[in-house]
């Protein structure tokens, strides 16, 4: 179905975390119904669930924000029971969600999550990502105002070049001088395409790198991370300094710029408006089979020139949480295949990812797995559990690598 279509009376069943196991679209013929297609592999979807719960509470029975996934009920039930991010909310977030969905997807085709179908008074009025999910936009629809939001388009292929050689024959690509870069603003035709889209085309003898709908700092994060050697999980376990920090902790990101509003929405603008003004798409192509690390370095330099910035890694002294050895033996460990956690996993997932605490680093040299017992979620509770294993968690100043973005001189 497309925008403007009248939605038939569809039976929606297999709903969990809801007062009714099944509903019909006709139950919302005078209300706003938003279908939020998601799955457990979509980090953006999970991060947005507390916001969806909050909006549902604000607007009450005037709207229904219903999550929908193709994944089976047992998987989704377990996910809501065990996901720490959602269970640490107050109250815990257990979204009303359709599971084992086949019917709704047959009506509303999509390729990537998140994918939101807005249905008001029985008619499809918008198809978007999460950018337009806020109280202001919901109220517009409830007030009877028309909206003309850009369509989320899943037909976009991120591996196809942005540029077309208009009027040129392809033989120009054979020259060692061949190459270009393109910088544009946000594109509403692009779905959520995460990470670097990198391709070495041996048939055309071309290498290509592209990013879509990134803010400045996130673009620099993924590009600069790609300029570093990539290590396996085994190598990271052996040497914690090789741990990637792609999800940059606030203390690992330093801005030395006059206008911070270019980098983050501190002024609380409508997020969709801020995105339109500040998100970028970027593409670079070069002749020959070029290594990803080399191409990423060229892209960082190119973006510096185009944006009037200077982004780089530097060592700075920062207050940290430090995992350290003690004079006690390390106890209650598991094999690599066991059900436990490594110190790098604790650093990344338990501490840095939540962004509630100072950045964490590992100075233990321990490469094994700890059998972790539940704790109260505080640093004191985690420290007590770490001490049980013969290690310790202390607060201390350390010189760590940070991403610095400055205005160019």
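The values are calculated or read from the model by the stated rules, or taken from the named source; none is laboratory data. Treat the numbers as computed from the prediction; the structure is a model and nothing was measured. Here the Cβ positions follow ideal geometry from the backbone for every residue, glycine too, while neighbour counts run over all protein chains shown.
Side notes on the structure shown:
Here is a yes/no grid of residues against (1) modelled with pLDDT of 85 or more; (2) touching a strand residue (DSSP E or B) at 6+ places or on another chain (Cβ under 7 Å); (3) surrounded by 18 or more Cβ atoms within 10 Å (Cβ to Cβ):
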| site | (1), (2), (3) |
| --- | --- |
| 215 | yes, no, yes |
| 221 | yes, yes, yes |
| 225 | yes, no, yes |
| 247 | no, no, no |
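- Within the option set 101, 27, being surrounded by fewer than 16 Cβ atoms within 10 Å (Cβ to Cβ) and either touching a residue at least 40 places away in the same chain (Cβ under 8 Å) or within 27 Å of residue 137 (Cα to Cα) (or both) holds for one residue only, 27.
- Considering the range 324-346, the residues that are touching a residue at least 60 places away in the same chain (Cβ under 8 Å) and either assigned to a strand (DSSP E or B) or assigned by TED's automatic domain parsing to the domain that holds residue 296 (or both) include one that is farthest from residue 224 (Cα to Cα), namely 325.
- Condition met for residue 349 (farther than 29 Å from residue 133 by Cα and not assigned by TED's automatic domain parsing to the domain that holds residue 132): no
- Restricting 68, 99 to those that are in the same structural domain as residue 53 (by TED's automatic domain parsing), over 30 Å from residue 187 (Cα atoms), at pLDDT 95 or above and in contact with a strand residue (DSSP E or B) (Cβ under 7 Å, 6 or more places away or on another chain) reduces the list to 99.
- From the options 303, 321, residue that is part of a helix (DSSP H, G or I), in contact with a helix residue (DSSP H, G or I) (Cβ under 8 Å, 6 or more places away or on another chain), within 30 Å of residue 263 (Cβ to Cβ) and in contact (Cβ under 8 Å) with a residue 60 or more places away in the chain: 303
- Cross-chain or 6+ apart pairs with Cβ under 7 Å, the range 248-276 first and farther than 24 Å from residue 359 by Cβ, then exposed (fewer than 11 other Cβ atoms within 10 Å of the Cβ): 261/267; 270/136
- Tally, over the range 262-282, of residues that are farther than 14 Å from residue 216 by Cα and not in a helix (DSSP H, G or I): 5
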